[in-house]
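A short write-up of the structure that comes next.
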Amino acid sequence: MRCMHSVLRVIGEGDLYPRELDALVADNDTVLAALNTATTAFDTISKGKAVQLMKELTAIVSDIQIVAREAKIVSFNAQVIAARAGQHGREFAVVASVLSGISTEVDGLARNAINLAARTTQSA
């Protein structure tokens, strides 16, 4: 700021290219270099955090998909048992069918999360 005031004072006195202007430019170059370094460090940290969050999200989605697969297996087994029970297993078959639908929906949501994460990673 002191340098800026000095440049403005000298320019106001009619000097078109004062030494103070050279000093101001040099000071600004230093400040800009420091800001560039800080911005680069911030970008590096941000990218590292984004990568870590994507790894965590991928692990969570993978766990969800495992649970959905297990639910599908349980549903299939329940449908088989219901079919064997004949007329007595009709209500159980409905529950098994609903479980199958839920597991399919959860699996679809997990795929959507994976696609969103992939798009986010590509755009970063």
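Things worth noting here:
- Positive-end residue of V95, L32, I114, charge dipole of the chain with Cβ unit charges: V95
- Aspartates and glutamates whose Cα lies under 19 Å from that of K47, excluding same-chain neighbours fewer than 8 positions away: E56
- Relative exposure of T40, T120, judged by other C-beta atoms within 10 Å (fewest first): T40, T120
- Each 10 Å bin from zero up to the one holding the largest Cα-Cα distance in the chain carries the following percent of pairs: 12, 20, 14, 12, 11, 9, 8, 7, 5, 3, 0.
- Choice from T44, T30, T58 showing the highest fluctuation, given a GNM over the chain with Cα pairs closer than 10 Å: T30
- Local net charge near L53, Cβ-Cβ under 15 Å (Lys/Arg +1, Asp/Glu -1): +3
We did not get these values from a lab; they are worked out from the coordinates using the rules stated. Keep in mind that this is a model prediction, so the values were computed, not measured. Using ideal geometry, Cβ is built from the backbone for each residue, glycine included, and neighbour counts are taken over all protein chains shown.
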